[in-house]
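Engineer: Structure below; questions to follow.
The values are calculated or read from the model by the stated rules, or taken from the named source; none is laboratory data. Predicted, not measured: the structure shown is a model, and the values here were computed from it. We place every Cβ from the backbone using ideal geometry, glycine too, and count neighbours over all the protein chains shown.
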Amino acid sequence: MPCSPAAPHDDKLAEDLASWLEGLGLAEQLEAAGLPSYVRGADGAAHWREPATGEPLTSERLVELDRLLRAQGDDPAHAVPVGLVRLRRETRLRARLLDGGWVDYAGVARLRGTSENAARFALHKAAERRTVLLVQHEGTTLVPSFQLDDAGEVREELLAVLEPLLASGMHPWRTWIWLTSPAALLGGAVPHEAARDPEELPVVQHAAVALAERARSPQR
């Protein structure tokens, strides 16, 4: 049986869902998550649409979306769409990291006192050995600067921390965020900073291995 377009009685659900997400500050994360999103018309009403086609959401799809977003927690009235919250956090952290937290091939070359081509070659060889974190962003290869010493080389104490994370297949952005943010596995310490302390380094390595194992898990 074909699905019918959203009927007038769905207007309240459409508005309630939009207002709820706006109140949580999560409305802008819908498209990034590949979920249906909405625009507000001249009358201020929320008009929901499919992500791929832009077609209006059917009644069935609107109810399904509402159920999906409120699936976290025992009480749907007080649920929080955890996936969108995580995406919002990662978006904010990415913006912070992009603001001066990296260098390019030329920057590494200057630190090493070598040519840009030589730096590029060395970095890609190191990435193959899982001894440096490289992140792709809008056609540019970023070299997160936290991992480099004053000579442009990867800090020796981070080598055993990077390897399990890079081998796990965890997304490079998530690896960058974890290494530069307070980590629950470390009691709130920032991993790359804690790794500077020889007494804390084994703890950081253990946390990296644990995170890598979680990243490999099919449930994750």
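Engineer: So, in the range 71-86, exactly how many residues are closer than 15 Å to Gln29 by Cα and either modelled with pLDDT of 85 or more or in contact with a Leu (Cβ under 9 Å, 6 or more places away or on another chain) (or both)?
Structural biologist: Total satisfying the criteria: 5.
Engineer: Now for a separate question. Within the range 41-57, count every residue that is within 28 Å of the chain's Cα centre (by Cα), farther than 10 Å from Ala18 by Cβ, surrounded by 12 or more Cβ atoms within 10 Å (Cβ to Cβ) and not acidic (Asp, Glu).
Structural biologist: Residues flagged as within 28 Å of the chain's Cα centre (by Cα), farther than 10 Å from Ala18 by Cβ, surrounded by 12 or more Cβ atoms within 10 Å (Cβ to Cβ) and not acidic (Asp, Glu) within the range 41-57 amount to 3.
Engineer: Another question, if that's okay. Show me the helices (runs of 4 or more DSSP H) entirely contained within the range 124-220 in which 3 or more residues are in contact with an Asp or Glu (Cβ under 8 Å, 6 or more places away or on another chain).
Structural biologist: 172-179
Engineer: Separate question: Given the condition more than 21 Å from Arg94 (Cα to Cα) and hydroxyl-bearing (Ser, Thr, Tyr), answer yes or no: does some residue in the range 130-146 qualify?
Structural biologist: The answer is yes; a qualifying residue exists.
Engineer: Sticking with this one: Considering Leu201, Leu185, Leu179, Leu211, which residue is without any contact (Cβ under 8 Å) to a residue 40 or more places away in the chain and among the aliphatic types (A, V, I, L, M)?
Structural biologist: Just a single option satisfies the conditions, and that option is Leu185.
Engineer: Out of the residues in the range 156-182 meeting the condition of being more than 15 Å from the chain's Cα centre (by Cα) and of a type in the set (Gly, Ala, Ser), tell me which one is surrounded by the most Cβ atoms within 10 Å (Cβ to Cβ).
Structural biologist: In this case the residue turns out to be Ser168.
Engineer: Hey, can you tell me all the residues within the range 166-206 that are under 21 Å from Ala127 (Cα atoms) and small (Gly, Ala, Ser)?
Structural biologist: Result: Ala167, Ser168, Gly169, Ala195.
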